[in-house]
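The values are calculated or read from the model by the stated rules, or taken from the named source; none is laboratory data. It should be emphasised that the depicted structure is a prediction, and the values quoted were computed from it without experimental measurement. Here the Cβ positions follow ideal geometry from the backbone for every residue, glycine too, while neighbour counts run over all protein chains shown.
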Amino acid sequence: MTNVFASNPHGSVPAYPQDTPTPSPTARSGHEQVVFCQDTQTGLRAIIAIYSTALGPALGGTRFFPYPTEDAALSDVLNLSRAMTYKNALADLDLGGGKAVIIGDPAKHKSEALLRAYGRFIESLGGRYITACDIGTYSEDMDIVARESRHVTGRTVLNGGGGDSSMLTAVGVFHGMRAAAEHAWGSASLEDRVVGVEGVGKVGYRLVAHLIDAGARVVICDVSSDAVRRVQAAHPGVAAVGGRAELLARQLDIYSPCAMGGALNDDTVAALSARIVCGGANNQLAHPGLEKVLADRGILYAPDYLVNAGGVIQVADELSGFNAERATARAEQIFVAAKKIFALADEEGGPARRTADGRSWQVAGHLAGPLTRIRPTPAGPSVDTDSHSNSTDGRTRAAGKRSRRKAGTVIEACGLERVVLQEVEIRRGSTMCTKSASSVAGNRALFKAPHVRGGRANGARPSQGQAGKGGTPAQVQQRRH
């Protein structure tokens, strides 16, 4: 096992990881810890990236994918772990952000021995990283990993978990889509709306079912013909096209990327006819600035890590004894959270993604420190900050020296110039933000779910592994329909 402490990913994410260019040293900054894992006996090659533990242990899934190079895998895991930090913060979870990738074709290389070797690497981190499912891994795989490590969620129902987390991921995306529809068209109804879903393996497959139930007209595409046939067998009225280009050529109301990251690139955005983009994929924007291009074209982009947070809400719920009704109720609150983000973005006059970034950073960034870059904007009175200037690379690190910064300073945190603060105070090793556009306390209200019977009451925490009442997410959804 090799530990690497590197810098923050600023590079773009291509449509598929195999297209990822070799990341530069700058593109690797900001992470607390990056671990390269290799076990020659089982053939395991994995990378675990911990972006931040400011809010708690880093939670994020394990992706098993046939990356063409180690650099491609590294670029993907760095971007994914950063996004998990924002996702967990915005979802009001007391968890940091991390992610892991296993290099290989799961159909050929996955074995019990390999998964158990991987579990030993996770255990060696002492709880700094908690894993779960992602592309290429399933709840049954997590049960095997858990034989070697205590720091595993996304378990099967028989082993005290919630089962496949794509169920609640799809629930969250569906409700985020309803919130976007209400914001764009004045009604949350999706009836007769044409929705193009790219990727129907896990989340996309379940999302299609919700859309059909809501009366939407659905068009799909997937690189797997088997996945397409599976959807059409379950929903004969669903149309299918050959790929992304054909999907975008359709007159869509909503485009829903649910496959790999980077679906929204310059060409995609230029070709979009949809009024709304809302999907389950991570890191949908291929490079910074596209959120502004989308907004300028009048396209409402629902931040990916906001609307696809249902899965992480589900696996995080396992840490206090899984309760399906509680987790489902919380995932459904993505509707309310998304509406708040869209309204705040209108007030601030910018894209919803920037507003979501700012809210996430206020929760996670104000604890994490140090800041990566500070540059003044024209106007505003001076305020005191505790800072120590590090001339290398133009960065500013938190330390004990007093200095002055003007209100209205733009702070680039985690590689994103997103947060415009009225007052900023930087303290030793951390950052405290006051009188910002929206407060940390306000963010904490985004995901407050209604009281659920059988859930945590009066602050009581069920013992680890104790299953709560309410059944699986699928059973809860069936009862509600």
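When G160 is tested against (1) surrounded by 20 or more Cβ atoms within 10 Å (Cβ to Cβ); (2) touching a residue at least 40 places away in the same chain (Cβ under 8 Å); (3) more than 22 Å from the chain's Cα centre (by Cα), just one condition goes unmet, and that condition is (1).
Out of (1) within 29 Å of E347 (Cα to Cα); (2) without any contact (Cβ under 8 Å) to a residue 60 or more places away in the chain; (3) surrounded by fewer than 24 Cβ atoms within 10 Å (Cβ to Cβ), the odd one out for I212 is which? All conditions are met except number (1). Scanning segment 241-275 for residues that are closer than 23 Å to G176 by Cβ and aliphatic (A, V, I, L, M) yields L247, L248, L252, I254, A259, M260, A263, L264, V269, A271, L272, A274. Only residues that are buried (at least 24 other Cβ atoms within 10 Å of the Cβ) and either among the aromatic types (F, W, Y) or touching a strand residue (DSSP E or B) at 6+ places or on another chain (Cβ under 9 Å) (or both) were counted across segment 68-82, and they come to 9. Just one of the listed residues (G204, G196) is over 20 Å from I334 (Cβ atoms) and within 26 Å of the chain's Cα centre (by Cα), and it is G196.
Checking E140, E191 one by one, the residue that is under 24 Å from the mean Cα position of the chain (by Cα) and either surrounded by fewer than 19 Cβ atoms within 10 Å (Cβ to Cβ) or at pLDDT 95 or above (or both) is E140 and no other. Only one of the numbered conditions (1) crowded, with 21+ Cβ neighbours inside 10 Å; (2) closer than 25 Å to A327 by Cα is violated by G196, and that is (2). Hey, among the residues in segment 217-265 that are in a loop (DSSP other than H, G, I, E, B) and acidic (D, E), which one's surrounded by the most Cβ atoms within 10 Å (Cβ to Cβ)? Here the answer is D222. Every condition in (1) touching a Gly at 6+ places or on another chain (Cβ under 9 Å); (2) buried (at least 20 other Cβ atoms within 10 Å of the Cβ) is met by K292 except one, and the failing one is (2). Filtered by the rule that a residue be in a loop (DSSP other than H, G, I, E, B), out of contact with any Asp or Glu (no Cβ under 9 Å at 6 or more places or on another chain) and either polar (S, T, N, Q) or within 16 Å of A227 (Cβ to Cβ) (or both), segment 186-215 gives a lone residue, S187.
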